[in-house]
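The values are calculated or read from the model by the stated rules, or taken from the named source; none is laboratory data. Fair warning: this is a prediction, and the values are worked out from it, not measured in the lab. Neighbour counts run over all protein chains shown; Cβ positions are idealised from the backbone, glycine included. Protein only, heavy atoms only, side chains kept; ligands, DNA and RNA dropped before computing areas. Shrake-Rupley method; radii C 1.70, N 1.55, O 1.52, S 1.80 Å.
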Amino acid sequence: MDDIRSVLARHGFSFKKKFGQNFLTDTNLLSAIVRDAGVTEETTVLEIGAGAGALTRALSAAAKRVVAYEIDASLRPVLAETLAGCENCEVVFGDILRADLPALEAELGRYRVVANLPYYVTTPVVMLFLEQAQGCEGLTVMVQEEVADRFCAQAGTPAYGAVTAAIALKGRAQVTRRVPRTMFTPRPNVDSAVVRIDFERGRLPVQSEAAYRAAVRCAFLSRRKTLANNLIAAFRVSRERAEELLAEAGVGAMARGETLPPEALARLADAIAAHGLA
Ligand code: SAM
C-alpha cells in the first residue's frame, strides 16, 4: 500500500478547509488512538470523518466492525484504495449531523465513537451523542487542545462550561494524549488532544434530563451575574422563588453558575423540575 500522501496526490485530491480536513498519517499515533479508545475485536466502531482512511484502517485491524461517515464524496476513490481488503469496514458518504441516528443505531447495536473530528463541528457532534444516542458506550475523539481541556475542566475554572456539565451528566472525560500540530497534514494552527469519554448509565441521577439541560443553560447564561439573577432571567420567576430554588438545591444565594459542580447542577435541575419550570 502506497503512503496515504501519495494515494491522495495520485487521485488529485485537494484538501478542503471547510470540512476541517487535517489528516493523520503516523501509524504509531494511529495505533495509540485505537488503544486509547479501548477498541477490541468485540467493539463496533462508528468513525466520524474517514478522510483518507488512515484511522479507519487502524480501527479495522482492531475492531469487530467499523462504520465510517465521510461528508466529502470526492474521497470515494481514495478510500476504495486505502480500505481495500478491510472487510469489516463500511463507508457511508454523508453528513453525520444529518444522519438518521435511531436508524443508524439500530444497525450498529452497542458501539463506540472514535474520530479525529473536524474542528468546525466538534461541539455539535459531541452534543449529538451526549443527548440523543442510546447505544453509544463512549467517544474517543481528537479535538483542539483547548476544547479537550474544556471537556475535562473542574468547576470554577475558566475552562468549565456548558459542554463540561453536559458531559458530566453522561460520563467521565479524560485527556489520553496531547498531539502537536506537526502530526497533521495540512498542519492546523492549533495543537490537539485525544479525549476519551466513557458513558456510565445513571452517573448523575436526575429526575429529568431536560431540567438538567435547562439548569446548565441557566448557570452559564451570563457569567457576570449571580445564579439567582440568571434564574430570574431564564425562568421569569421572582427573586423569592429563585432563592427558594437555590435553597432546595443547597446552593448559596450569591453563588455564580460556573462555580457549581455537576452534582449541584443536578440538584438544581431537580428543584427546577419539582417547581414545574422545565
Ligand atoms: N480520520 C481522518 C484522519 O484522521 O486522517 C480524517 C480526519 S479530518 C480531521 C476530518 C474528516 O471529517 C474530513 O475527512 C472531513 O471531510 C470529514 N467531515 C467533515 N465534516 C463532516 C460531517 N459533518 N460528517 C462526516 N464527515 C465530516
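The residues on offer are LEU265, LEU204, LEU227, LEU231, and the sole one that is in contact with a Pro (Cβ under 6 Å, 6 or more places away or on another chain) and over 30 Å from ASN28 (Cβ atoms) is LEU204. Taking the range 35-64, which residues are among the aliphatic types (A, V, I, L, M) and either within 20 Å of the chain's Cα centre (by Cα) or at positive phi (or both)? Of everything in the range 35-64, those that are among the aliphatic types (A, V, I, L, M) and either within 20 Å of the chain's Cα centre (by Cα) or at positive phi (or both) turn out to be ALA37, VAL39, VAL45, LEU46, ILE48, ALA50, LEU55, LEU59.
The set of residues in the range 94-128 that are within 14 Å of the ligand (Cβ to nearest atom) and farther than 23 Å from VAL190 by Cβ comprises GLY94, ASP95, ARG98, ALA99, ASP100, LEU101, LEU104.
What about ARG177, is it more than 21 Å from ILE48 (Cβ to Cβ) and open to solvent by 40 Å² or more (accessible area, probe 1.4 Å)? It is false that ARG177 is more than 21 Å from ILE48 (Cβ to Cβ) and open to solvent by 40 Å² or more (accessible area, probe 1.4 Å). Within the range 35-57, being more than 9 Å from the ligand (Cβ to nearest atom) and buried (at least 21 other Cβ atoms within 10 Å of the Cβ) holds for ALA37, VAL39, VAL45, LEU46, ARG57.
Within the range 243-278, the set of residues being farther than 12 Å from ALA215 by Cα and assigned to a helix (DSSP H, G or I) comprises GLU243, GLU244, ALA247, GLU248, THR259, ALA274. Consider the range 198-232. How many of its residues are in contact (Cβ under 8 Å) with a residue 40 or more places away in the chain, open to solvent by 20 Å² or more (accessible area, probe 1.4 Å) and assigned to a loop (DSSP other than H, G, I, E, B)? Residues in the range 198-232 being in contact (Cβ under 8 Å) with a residue 40 or more places away in the chain, open to solvent by 20 Å² or more (accessible area, probe 1.4 Å) and assigned to a loop (DSSP other than H, G, I, E, B): 5 in total.
Kindly indicate which of ALA193, ALA133, ALA173 is in the same structural domain as GLY20 (by TED's automatic domain parsing), out of contact with any His (no Cβ under 9 Å at 6 or more places or on another chain) and farther than 21 Å from LEU30 by Cα. When all the criteria are applied, what remains is ALA133.
If you go through the range 1-34 and keep only what is near the ligand (Cβ under 10 Å from one of its atoms), surrounded by fewer than 22 Cβ atoms within 10 Å (Cβ to Cβ) and of a type in the set (A, V, I, L, M), you end up with ILE4, LEU24, LEU29, LEU30. Of the residues making up the range 65-89, those that are more than 22 Å from the chain's Cα centre (by Cα) and not hydrophobic (A, V, I, L, M, F, W, C) are SER74, ARG76, PRO77, GLU81, THR82, GLY85, GLU87, ASN88. Of the listed requirements (1) open to solvent by less than 50 Å² (accessible area, probe 1.4 Å); (2) among the hydroxyl-bearing types (Ser, Thr, Tyr); (3) farther than 15 Å from ALA162 by Cα, SER238 misses just one: (1).
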